[in-house]
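K.L.:
Before we start, here is the structure in question, set down as structure tokens.
The values are calculated or read from the model by the stated rules, or taken from the named source; none is laboratory data. Nothing here was measured: the structure is a model prediction, and the numbers come from that model. As a convention, Cβ positions derive from the backbone with ideal geometry for all residues, glycine included, and neighbour counts pool all protein chains shown. Ligands, DNA and RNA are stripped out before the accessible areas are found, and what is left, the full protein with its side chains, is counted by its heavy atoms. Shrake-Rupley method; radii C 1.70, N 1.55, O 1.52, S 1.80 Å.
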Amino acid sequence: MSELKTPHAGQDQAKDDDVVALLMRQHGDIRNLFDEVEAAKGEERRDAFRRLVRLLAVHETAEEEVVHPFARKGFPGGEQVVKDRLAEEKAAKETLSALDELDTDDPKFMPQLLKLRKDVQEHARAEERYEFTHIRRSTDAANLAAMAKAIKAAEAMAPTRPHPGVESGAKNMALGPVAALMDRTKDAVRKAMGK
Ligand SMILES: [Fe+2]
Ligand SMILES: [Fe+2]
């Protein structure tokens, strides 16, 4: 199995107060998980894919609850930027749900995974370029930190860096299907934002 890429604790800490840095770190985690799924076979691939599904579901849902609503009003042209990102997210979630129905050993799995990977990567790049840079310029440190707090509440439901002895296939499965995870993410984010 490929070595897991674990960011340094100090680096994590520094980024946690800034929603943009936090989301960009998750983009990196997502990239690494795609690598893991591609490199693994059998049970390991199944396990890596479960973690990828969870992180993607939680990441996109949290963005939709936290940063897109801000971006819509936060800078000129924000409305259109968010509209474009939401269309990409919807397409990615549909591919993700379809993939989630396939066994990871199914011959159709890999081609679909590679398509999803390409779509997700392009989406992340567009977010970073057209949305995140503007968010950072359009608000202050306190607001960036408040949004980061809400994202962290969501992230807690989808730990991506396994803790030895805790992470297991069975535990992953117990977290339930994608849609339920998205609902729980929304609840956690709204609670963190005091809604
Ligand atoms: Fe997104
Ligand atoms: Fe994203």
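K.L.:
Inside segment 95-116, can you point out the residues that are within 15 Å of the chain's Cα centre (by Cα) and open to solvent by 40 Å² or more (accessible area, probe 1.4 Å)?
P.N.:
The answer is Ser97, and nothing else.
K.L.:
Is there any pair with a first residue in segment 85-103 that is acidic (Asp, Glu) and a second that is open to solvent by less than 60 Å² (accessible area, probe 1.4 Å) and within 10 Å of ligand 1 (Cβ to nearest atom) whose Cβ atoms are under 6 Å apart and which are 6 or more apart or on different chains, and what are they?
P.N.:
These pairs meet every condition: Glu88/His123; Glu89/Glu60.
K.L.:
Could you please find all residues in segment 104-117 being of a type outside the set (A, V, I, L, M, F, W, C) and either within 15 Å of ligand 2 (Cβ to nearest atom) or in contact (Cβ under 8 Å) with a residue 60 or more places away in the chain (or both)?
P.N.:
Passing the criteria: Thr104, Asp105, Arg117.
A quick yes/no check of all residues on (1) more than 13 Å from ligand 2 (Cβ to nearest atom); (2) surrounded by 21 or more Cβ atoms within 10 Å (Cβ to Cβ); (3) under 11 Å from the mean Cα position of the chain (by Cα); (4) aromatic (Phe, Trp, Tyr):
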residue: Arg25; (1), (2), (3), (4): no, no, yes, no
residue: Arg31; (1), (2), (3), (4): no, no, yes, no
residue: Asp35; (1), (2), (3), (4): yes, no, no, no
residue: Glu44; (1), (2), (3), (4): yes, no, no, no
residue: Ala57; (1), (2), (3), (4): no, yes, yes, no
residue: Val67; (1), (2), (3), (4): no, yes, no, no
residue: Pro76; (1), (2), (3), (4): yes, no, no, no
residue: Arg85; (1), (2), (3), (4): no, yes, no, no
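K.L.:
If you don't mind, there's one more thing I want to ask. Got a number for residues in segment 122-153 being open to solvent by 60 Å² or more (accessible area, probe 1.4 Å) and under 16 Å from the mean Cα position of the chain (by Cα)?
P.N.:
Adding up the residues that qualify gives 4.
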